[in-house]
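**Q** Encoded as structure tokens, here's the structure I'll be asking about.
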Amino acid sequence: MSVTWTPAGVLAAIALGGIAAHAGCWRAEPPPAPLVPDPADVEVRVGSMAALIAELDGIDASPRRTIVVAPGDYQIDSLPRSNGRHHRWATVFEGIDYPDQVDHHMLVLEDLHDVTIRAEFPMVRPRLLTGVSSATVIVLENCTNVTLQDLEIGHSVEGTCGGGVVMVLGGSNVRIVGCALSGSGTFGIETYRTRDLHVARTRIFHTSEGAIRLNSTNGADIVDTVLDHNHTTSSFVTIAGSRRVTFDRLVVRDNHIVDTAVEAQAVFSAVDSKSTLVRDAKVLRTTAEYLISGDVVTEAMTQRGNTWVHGIRHP
């Protein structure tokens, strides 16, 4: 680590006794000890997917580590299929129904704590991609206080994909902030048995099954997020077996459910869930079987140019 001394810094050092007067003359004190980064707030910069994984695997118990990702494309499926301290590869299919895809794998980041992965420049999102259409791009398993910030995450292959974009399994306080999630993945965000999910200023688009699906999730807030140009086969937002889920200032626009022959597909669908609140949402130019299915409370919703095949609310 290098330190640049400014004039103000020199004056401060003098004031603190870095240079002292003795017996009517100036005497130089020994140089100060080198500045050491606070282990509670370590920041490193990476420029490749291999370097990103190496930094994650090197994390110990030191909290609040920030990994700054330089601009560029980061091809996840180009990594060797080796496991590390905080990452492993999961098989997408067992190979029974899809023998040609038995070797398809997806990246699982696991047991991370107090880590932020963010773009070096928020306006130039680095792209984390996989060319394996059947794989979820990033899986976070049993992670706590982990933030993905100002990243673009998706599939690099054309057409409909069989894998999602970001999946959260267990853990708590996962934050997705300022990201773009796309690539025809099944779901933009999918959770299972997690607590306190936070999504803000994120765009989810070009998904093929749904934009957001929260399963057995205890506490989630999705704020200032846009769901657009999703052509899906199920509800855009599905809340299943979850509680305390709130959407604030959500924008849903230019979406279409492909198979309108299946009833109870909706923009917002809650199944066996409690306390789902949609507040100050805008729903524009969207086609679905229903706007709402299940126990969803709405406040101050704006609608314009939509088509509800069977009505506003499913019984």
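Read-outs: derived from the displayed coordinates by stated rules, not from any lab. What you see is a predicted model, and the numbers here were worked out from it, not measured in a lab. Here the Cβ positions follow ideal geometry from the backbone for every residue, glycine too, while neighbour counts run over all protein chains shown.
**Q** What is the distance, in nm, between label points placed 7 Å from the Cα along the Cα-to-Cβ direction at Val223 and at Ser275?
**A** 1.7 nm
**Q** If I model a spin label as a point 7 Å beyond the Cα along the Cα-Cβ vector, how far apart are those points for Ala300 and Ser82 in nm?
**A** Calculated label separation equals 5.4 nm.
**Q** May I pose another question? Taking a virtual spin label 7 Å from the Cα of Glu120 along the C-beta vector, which residues in the range 50-93 bring their backbone nitrogen under 14 Å of it?
**A** 51-52, 67-74
**Q** If Lys and Arg each add +1 and Asp and Glu each add -1, what is the summed charge of the other residues whose beta carbon sits under 10 Å from the beta carbon of Pro126?
**A** After counting each charged neighbour, the total is -1.
**Q** Now for a separate question. From the backbone phi of the range 205-220, what are the Karplus-calculated ³J(HN,Hα) couplings (6.51 cos²θ - 1.76 cosθ + 1.60, θ = phi - 60°) in whole Hz, Gly and Pro given as x?
**A** 8, 6, 9, 10, 10, x, 7, 9, 9, 10, 10, 6, 10, 10, x, 8
**Q** With a Förster radius of 22 Å, plug the Cβ-Cβ distance of Thr91 and Ala50 into 1/(1 + (r/R0)^6) and report the FRET value to the nearest 0.05.
**A** 0.55
**Q** Continuing with the same structure: Out of residues 5 or more away from Thr298 or on other chains, whose amide H comes under 5 Å of its own, with H placed 1.01 Å from N in the peptide plane?
**A** For Thr298, whose amide H was placed from the backbone, the distant partners under 5 Å are Val278.
**Q** Would you grab the residues whose amide H sits under 5 Å from the one on Ala180? Only those 5+ places off in sequence or on another chain, please, with H modelled 1.01 Å from N.
**A** Here Leu151, Glu152, Ile153, Arg203 satisfy the definition.
**Q** Another question about this same structure. What residues have an amide H closer than 5 Å to that of Glu141, excluding those fewer than 5 places away on the same chain, when H is modeled at 1.01 Å from N in the peptide plane?
**A** Excluding prolines and chain starts, which carry no amide H, the hits are Leu109, Glu110, Asp111, Leu169.
**Q** If you average 1/r across every pair of different Cα atoms in the range 164-315 and take the reciprocal, what Kirkwood value do you get, in Å?
**A** This gives a value of 14.7 Å.
**Q** Once phi is turned into θ = phi - 60°, what whole-Hz ³J(HN,Hα) does the Karplus curve with 6.51, -1.76 and 1.60 give for every residue of the range 105-122, x standing for Gly and Pro?
**A** 10, 10, 7, 10, 9, 9, 6, 8, 9, 6, 10, 10, 10, 9, 6, 5, 10, x
**Q** Hey, another quick one. First select every other residue whose beta carbon is under 11 angstrom from the beta carbon of Val199; then total the charges, Lys and Arg +1, Asp and Glu -1.
**A** 0
**Q** Turning to a different aspect of this structure: If you take the alpha carbon radius of gyration of the range 41-314 and divide it by 2.2 N^0.38 Å, what ratio comes out, to two decimals?
**A** Taking N as the residue count of the range 41-314, the ratio is 0.98.
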